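Here the structure is laid out as C-alpha cells; the discussion comes afterwards.
Derivation of every value follows stated rules applied to the coordinates shown; laboratory data play no part. Just so it is clear, the structure is predicted and the values come from calculations on it, not from any experiment. Ideal geometry is used to build each Cβ from the backbone, glycine not excepted, and the neighbour counts take in all protein chains shown.
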Amino acid sequence: MIRHLVYLRFRADISEAQKRALYLDLASLSNHIDGIIDFQHRENVSVETPLVRNFLDMFWFDFADASVRDVYLEDATHKAIGGRIVDCLEGGAEGVFVCDIVL
C-alpha cells in the first residue's frame, strides 16, 4: 500500500469553507478511481513552529499500490482539483510538499 501525504501552506485569505470544499472534491476521487482505500485530511498541530514553516494543513490518500497512485497522478479530475488547490497556496506550487511512503 502507498500513502500519499500532501502538506499545504494555504494563503491567509483562504477560508475554512474553501478548504472544506477542496477536501470534499478530493474525497470524491475515492468514488472515481478504483484502488483508493482511504482519504483523510487534518490540521497540523505541531508545536515546532519554526520547522513547520507554515505548512498547517495536510491530507493523504491510501492507494492499494503504486499503480493506483500513478493513475491518480495522471487523472484529469485530480489535476483540475490540484490546480485549484495550488491557486490557494502561498507561492503557488511552493506552498505544497508531497511525500509517498510504503505501508
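Note on His32 and Val52: their simple-model spin labels are 3.0 nm apart, each label 7 Å out from Cα toward Cβ.
Of the trypsin sites (Lys or Arg not before Pro) found in the range 32-103, the ones in coil according to DSSP and having at most 13 other Cβ atoms within 10 Å of their Cβ are Arg53. In order along the range 81-92, the phi-based Karplus estimate (6.51 cos²θ - 1.76 cosθ + 1.60, θ = phi - 60°) of 3J(HN,Hα) comes to 5, x, x, 5, 5, 4, 4, 9, 9, 4, x, x Hz; Gly and Pro are listed as x.
Once backbone amide H atoms are built at 1.01 Å from N, Asp57 has Leu8, Phe10, Asn44 as its partners under 5 Å, excluding neighbours fewer than 5 places away on the same chain.
Fully extending the segment from Ser15 to Asp75 would add 18.9 nm, taking 0.36 nm per residue of separation and subtracting the current Cα-Cα distance.
Here the relative contact order of the chain, from alpha carbon pairs under 8 Å that lie six or more residues apart, stands at 48 percent. Shape of the range 2-102 from the C-alpha gyration tensor: prolate (a/c of 1.5 or more and a/b above b/c, with a ≥ b ≥ c the square roots of its eigenvalues).
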